[in-house]
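*Asks:* Before we start, here is the structure in question, set down as structure tokens.
The values are calculated or read from the model by the stated rules, or taken from the named source; none is laboratory data. All of these numbers come straight from a predicted model, not from anything done at the bench. Reconstructed Cβ throughout: ideal geometry from the backbone, glycine too, with neighbour counts over all protein chains shown. For accessibility, only protein heavy atoms count, side chains too; no ligands or nucleic acids. Shrake-Rupley method; radii C 1.70, N 1.55, O 1.52, S 1.80 Å.
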Amino acid sequence: MAKRYCLVLVLVHLAIVLAQDPEIVDEIWPEVQQVGRTGRLNCTVAYKRENVVFWENTKSGETISSDDSIVLPLNPMIGGLRKYEVQSRINGDRTTFMLVVRRLLEVDAGRYRCYVRIQATPVNMWPSKYGTITVQVPPTIRPGETTAVLQVDQRDNATLVCSASGIPAPNITWTKSDGGFLATGQAQHRSAILPITSVSVSDMGVYRCVADNNIKPPAEHLAQVLVFHAPSTRVVQDSVGQAQNRRFNAKLECIVKGHPEPTVTWQRVVKGGRYDINDDDKFSINKQTTDNQNLKAGEQWYTLKVKNVQANDFTDYYCIGTNIKGTNSSKIVLFETPDCQGPNCPSLPTSSSSIMRPSTLIFLAAAVLLIRRIRVALNTSDVPRKTKLFKLKLFSDLTNIIVIAPSRTMWKVLVLVFGVILAISPINGQDPEIVDDILPEVQRVGGTARLNCTVVNLQTNNVFWLNKATSETISMDSNIVLQYNPMVGGLRKYDVERRMRGDRQTFMLIIRRLLQQDAGQYECQVKIQNQNNLTPVKKIGILTVQVPPSILPGETTTVLQIDEGENATLRCEATGIPSPNITWTRSDGKLLPTGSAQFRGKYLPLKTANVNHTGVYRCVADNNIKPPDEHLCSLEVFHAPTARVVQDSVGQAQGRRLSARLDCIVNGFPTPEVRWERTVKGGRVEIRDNDFFVNVKQTTDNQNMMAGEQWYTLKVKNVQANDYTDYYCIAHNSKGKTEVTIVLFETPDCQGPNCPSLLTSRGSSAMLAFSMAFICFLLHALARRLR
């Protein structure tokens, strides 16, 4: 009889187990990963038996897998592994199917459905749950929807637009590249749209919009605002001095601003009237391309060079800017000085023109001898000879002098004749001279530089270009003599072009694909033949190579850890030519410890540090040579933990294999250890990971969290009546301890995003009723047999 009852119980248990439908018992936690990484979704099924588990992409409608086999027709290899994979793990009556999606793309984001196909059961009764993959994408600014250049009249209203994409949606921050205040009156503005009301000239400049969503790297875009206005002019020096009649030049400089860009002309006062100056042999007019570090937005630098200054050049000069909005001018006075003025004035020992030429010395010696001879002749008592001396021509005079004292003066007269011939020799006998200043050249690294050396009376002499830093001779005339002159983009790095205009010859030194070491002084030399003992004629030209900024990692703060109340400094060192400006901001857009939105300087001071100072700081190095460089620095302030809850009370129904989720957000440094406790029979018991509880540190999107915060979750599985109690999230570190309380209470219905639908619940109930009826039938049949 006992055996029969045991058989009955076994059959009853077997019937119950066989009647139990498969069920997806746990929630599918959402997955958040950056583009290019790997996403994982877990689907845990109880009582799977011979049924099949599928993963489906709800966006495309494609079935990805059947159990742990991939059924997609296209599953490419990525880094030696397939893009899609399903890994299964069995734990008792539970089987977990983990969908793995590698090398995530933006199109991989969306909802994925896990469902169980139950044989002989309608499709709408198959259990299913959804998991979400969020693919974080670095920000990208949309050029077509973002302002590049805005031209506007004064006193109009305008708007700058910066449109960006990214996941999560990026924050947009506007600043001015020169560090000035925006039209809003602030140093920065957080919005995709920057309004500019009642536009003025001070609003001109370059604006920077930065899109940041905490996914590196941030994106940035420069927008230029041009305001139509009449020209304004200012001079570098309102008076310039120079000596006359010594082949010296005077340089008059004028800075002009206006939009549209003004046409610049020069005038000078001649006999009470003002006359236009043209670019010719006497005057040279240039628009400078030199370093603009001292120029304001929209300004241009113009130069008038007055060549070989003479007495009639000392007057008033006018720099005149004109555009459709008006005209403006500034005056510069050119006055006489006794000595040469300017950077290219020759020094006394090295100027060949300041040393008397041999022909001049000979002529002077001959003239002295002639004067002495005339005095002797005039002192004689022979009147006819006196008359003849004054009346005869030069040749006769020389003949008479020779007649007077042939034995003593013959060689002197020969010297006199030779000196006269040299003195009246044609102009071609003059020494060569470098007549124009070699204007400084400023170019970006990788660009091409040009230095011009203009020589008059060159004759058969040679012109050389030398690198002062290395003392190497680069060229002789138009021939490169450097041993190493590599090909760069199909052309040689060094080249000299020779141009002739009248008695002037210009030797233009060209240096291509500039490197930082190419910067420095270059000397143009004219070596005069047969005068090796004299210093050659020479002038210096300066080449400046602009280099984009680069932050020095070893000399810049990366992570700084300090105690509350201490003082500290964040450091940002950068190189570049010209020397870059350093600007500090906070990545979260909050104010800096200085109380401002941004700070200009290498060192950001932190006084009396507190928890609010914790976060990521950004230093940007900019010298107007694109691209700027940036560096992120993490500031961590040691402090006791703080904790807050997402919900202070959570509800769930009991006895229906439903789970409850309790969330707690913790902040502290060092990173706190977090544990959970709950109240049981009036006492508190620590909760550990087991079949009833799962303690997880979330890796979800932190957009709604402050710097340093961490998200912790306690999942209470298969909620029962004895689970309704108080739960405690406890955080502690070396600085202290804190806790918050969450109450789990009972509700009549399922709560949460993964609750089963009513139809599925009714289907399970119907199946359970059928199973119970079948068991009752079997028991009744067995009872009849036992009789």
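*Asks:* How many residues are open to solvent by less than 70 Å² (accessible area, probe 1.4 Å) and modelled with pLDDT of 90 or more if we restrict to the range 125-155?
*Replies:* 21
*Asks:* Now, a different point. Within the range 18-107, which strands (runs of 3 or more DSSP E) (wholly inside it) include 3 or more residues that are over 36 Å from the mean Cα position of the chain (by Cα)?
*Replies:* By residue number, 39-46, 52-57, 63-66, 84-91, 94-101.
Okay, residues lined up against (1) assigned to a loop (DSSP other than H, G, I, E, B); (2) surrounded by 18 or more Cβ atoms within 10 Å (Cβ to Cβ):
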position: Trp174; (1), (2): no, yes
position: Gly179; (1), (2): yes, no
position: Ala187; (1), (2): yes, yes
position: Leu194; (1), (2): no, yes
position: Val210; (1), (2): no, yes
position: Pro217; (1), (2): yes, no
position: Ala223; (1), (2): no, yes
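*Asks:* Could you please find all residues in the range 73-86 being over 26 Å from Arg657 (Cα atoms) and surrounded by 15 or more Cβ atoms within 10 Å (Cβ to Cβ)?
*Replies:* Start the filter on the range 73-86 by keeping residues that are over 26 Å from Arg657 (Cα atoms), which leaves 73-85.
Lys83, Tyr84, Glu85 - these are the residues of the range 73-86 that are over 26 Å from Arg657 (Cα atoms) and surrounded by 15 or more Cβ atoms within 10 Å (Cβ to Cβ).
*Asks:* Can you report the number of residues in the range 563-575 which are in contact (Cβ under 8 Å) with a residue 40 or more places away in the chain and in contact with an Asp or Glu (Cβ under 8 Å, 6 or more places away or on another chain)?
*Replies:* Here the count works out to 1.
*Asks:* Name the strands (runs of 3 or more DSSP E) wholly inside the range 432-489 in which the number of residues that are open to solvent by 60 Å² or more (accessible area, probe 1.4 Å), in contact with an Asp or Glu (Cβ under 8 Å, 6 or more places away or on another chain) and over 24 Å from Asn530 (Cα atoms) is 1 or more.
*Replies:* Working: elements: 441-444, 449-456, 462-467, 472-476.
Passing ranges, in order: 449-456.
*Asks:* Considering Glu573, Glu564, which residue is of a type in the set (Asp, Glu) and open to solvent by 30 Å² or more (accessible area, probe 1.4 Å)? Give the derivation first.
*Replies:* Working: Glu573 fails: open to solvent by 30 Å² or more (accessible area, probe 1.4 Å).
Answer to the check: Glu564.
*Asks:* In the range 613-626, which residues are in a strand (DSSP E or B) and within 8 Å of the chain's Cα centre (by Cα)?
*Replies:* Correct list: Val620, Ala621, Asp622.
*Asks:* Please enumerate the residues belonging to the range 27-69 that are in contact (Cβ under 8 Å) with a residue 60 or more places away in the chain, basic (Lys, Arg) and open to solvent by 60 Å² or more (accessible area, probe 1.4 Å).
*Replies:* If the condition is that a residue be in contact (Cβ under 8 Å) with a residue 60 or more places away in the chain, basic (Lys, Arg) and open to solvent by 60 Å² or more (accessible area, probe 1.4 Å), then Arg37, Arg40 are the ones that fit.
*Asks:* In this structure, is Gly668 open to solvent by less than 70 Å² (accessible area, probe 1.4 Å), assigned to a loop (DSSP other than H, G, I, E, B) and in contact (Cβ under 8 Å) with a residue 60 or more places away in the chain?
*Replies:* Here the answer is no, as Gly668 does not meet what is asked.
*Asks:* Report yes if some residue within the range 513-536 is in contact with a Phe, Trp or Tyr (Cβ under 7 Å, 6 or more places away or on another chain), more than 30 Å from Gly342 (Cβ to Cβ) and modelled with pLDDT of 90 or more; otherwise report no.
*Replies:* no
*Asks:* Would you mind stating whether Leu416 is at pLDDT below 90, in a loop (DSSP other than H, G, I, E, B) and buried (at least 17 other Cβ atoms within 10 Å of the Cβ)?
*Replies:* It is false that Leu416 is at pLDDT below 90, in a loop (DSSP other than H, G, I, E, B) and buried (at least 17 other Cβ atoms within 10 Å of the Cβ).
*Asks:* On to the next question. Exactly one condition in (1) within 50 Å of the chain's Cα centre (by Cα); (2) open to solvent by less than 20 Å² (accessible area, probe 1.4 Å); (3) among the charged types (D, E, K, R) is not met by Lys737; state its number.
*Replies:* Unmet condition: (2).
*Asks:* Would you check if there is a residue in the range 589-604 being over 20 Å from His189 (Cα atoms) and open to solvent by 50 Å² or more (accessible area, probe 1.4 Å)?
*Replies:* yes
*Asks:* Follow-up question, since we're still on this one. Ile510 versus (1) farther than 30 Å from Thr608 by Cβ; (2) out of contact with any strand residue (DSSP E or B) (no Cβ under 7 Å at 6 or more places or on another chain): which is the lone unmet condition?
*Replies:* Every listed condition holds for Ile510 apart from (2).
*Asks:* List the residue pairs whose Cβ atoms are under 8 Å apart, where the first residue sits in the range 198-213 and is among the β-branched types (Val, Ile, Thr), the second is part of a loop (DSSP other than H, G, I, E, B) and surrounded by fewer than 20 Cβ atoms within 10 Å (Cβ to Cβ), and the two are 6 or more positions apart or on different chains.
*Replies:* Val199/Gln154; Val199/Arg155; Val199/Asp156; Val199/Asn157; Val201/Gln154; Val206/Ser177; Val206/Asp178
Residue-by-condition table, conditions (1) under 28 Å from Gln300 (Cα atoms); (2) among the hydrophobic types (A, V, I, L, M, F, W, C):
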{"site": "Gln151", "(1), (2)": "yes, no"}
{"site": "Thr173", "(1), (2)": "no, no"}
{"site": "Phe181", "(1), (2)": "yes, yes"}
{"site": "Ile193", "(1), (2)": "no, yes"}
{"site": "Ile196", "(1), (2)": "yes, yes"}
{"site": "Lys216", "(1), (2)": "no, no"}
{"site": "Leu222", "(1), (2)": "yes, yes"}
{"site": "Pro231", "(1), (2)": "yes, no"}
{"site": "Arg234", "(1), (2)": "yes, no"}
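*Asks:* Related question: Those residues that are among the small types (Gly, Ala, Ser), under 28 Å from Glu27 (Cβ atoms) and surrounded by fewer than 19 Cβ atoms within 10 Å (Cβ to Cβ), I need them from the range 633-658; list them, please.
*Replies:* Ser649, Gly651, Ala653, Gly655 - these are the residues of the range 633-658 that are among the small types (Gly, Ala, Ser), under 28 Å from Glu27 (Cβ atoms) and surrounded by fewer than 19 Cβ atoms within 10 Å (Cβ to Cβ).
Here is a yes/no grid of residues against (1) under 29 Å from Pro593 (Cα atoms); (2) within 33 Å of the chain's Cα centre (by Cα):
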residue: Pro628; (1), (2): yes, yes
residue: Ser634; (1), (2): yes, yes
residue: Phe638; (1), (2): yes, yes
residue: Arg657; (1), (2): no, no
residue: Arg661; (1), (2): no, no
residue: Cys664; (1), (2): yes, no
residue: Pro672; (1), (2): yes, no
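*Asks:* Take Asn612 and decide whether it is open to solvent by 60 Å² or more (accessible area, probe 1.4 Å) and not charged (D, E, K, R).
*Replies:* It is true that Asn612 is open to solvent by 60 Å² or more (accessible area, probe 1.4 Å) and not charged (D, E, K, R).
*Asks:* Might you check whether a residue that is at positive phi and either under 31 Å from the mean Cα position of the chain (by Cα) or surrounded by fewer than 16 Cβ atoms within 10 Å (Cβ to Cβ) (or both) occurs anywhere in the range 540-561?
*Replies:* Checked against the condition, which is being at positive phi and either under 31 Å from the mean Cα position of the chain (by Cα) or surrounded by fewer than 16 Cβ atoms within 10 Å (Cβ to Cβ) (or both), the range 540-561 yields no hits at all.
*Asks:* State which residue pairs qualify: first residue touching a residue at least 60 places away in the same chain (Cβ under 8 Å) and inside the range 486-513, second residue in a loop (DSSP other than H, G, I, E, B) in any location, beta carbons under 6 Å apart, and separation of 6 or more residues or different chains.
*Replies:* Sorted first by the residue in the range 486-513, then by its partner, the pairs are Arg512/Thr448; Arg512/Lys493.
*Asks:* With the checklist (1) basic (Lys, Arg); (2) surrounded by fewer than 20 Cβ atoms within 10 Å (Cβ to Cβ); (3) in contact with a strand residue (DSSP E or B) (Cβ under 6 Å, 6 or more places away or on another chain); (4) farther than 19 Å from Gly589 by Cβ in hand, flag the one item Lys271 doesn't pass.
*Replies:* With (1) basic (Lys, Arg); (2) surrounded by fewer than 20 Cβ atoms within 10 Å (Cβ to Cβ); (3) in contact with a strand residue (DSSP E or B) (Cβ under 6 Å, 6 or more places away or on another chain); (4) farther than 19 Å from Gly589 by Cβ applied to Lys271, the lone miss is (3).
*Asks:* Can we say Gln119 is in a loop (DSSP other than H, G, I, E, B) and either small (Gly, Ala, Ser) or touching a residue at least 40 places away in the same chain (Cβ under 8 Å) (or both)? So that I can check it myself, show each step before the final result.
*Replies:* Values: in a loop (DSSP other than H, G, I, E, B): yes; either small (Gly, Ala, Ser) or touching a residue at least 40 places away in the same chain (Cβ under 8 Å) (or both): yes.
Judged against the criteria, Gln119 is a match.
*Asks:* While we're looking at this one, here's another question. Across the range 518-530, what is the total count of residues that are in contact (Cβ under 8 Å) with a residue 12 or more places away in the chain and either closer than 11 Å to Asn452 by Cα or open to solvent by 30 Å² or more (accessible area, probe 1.4 Å) (or both)? Walk me through how you get there before you give the answer.
*Replies:* We begin by selecting, within the range 518-530, every residue in contact (Cβ under 8 Å) with a residue 12 or more places away in the chain; these are 518-529.
Then keep just the ones that are either closer than 11 Å to Asn452 by Cα or open to solvent by 30 Å² or more (accessible area, probe 1.4 Å) (or both); that gives 519, 521-524, 527, 529.
The total comes to 7.
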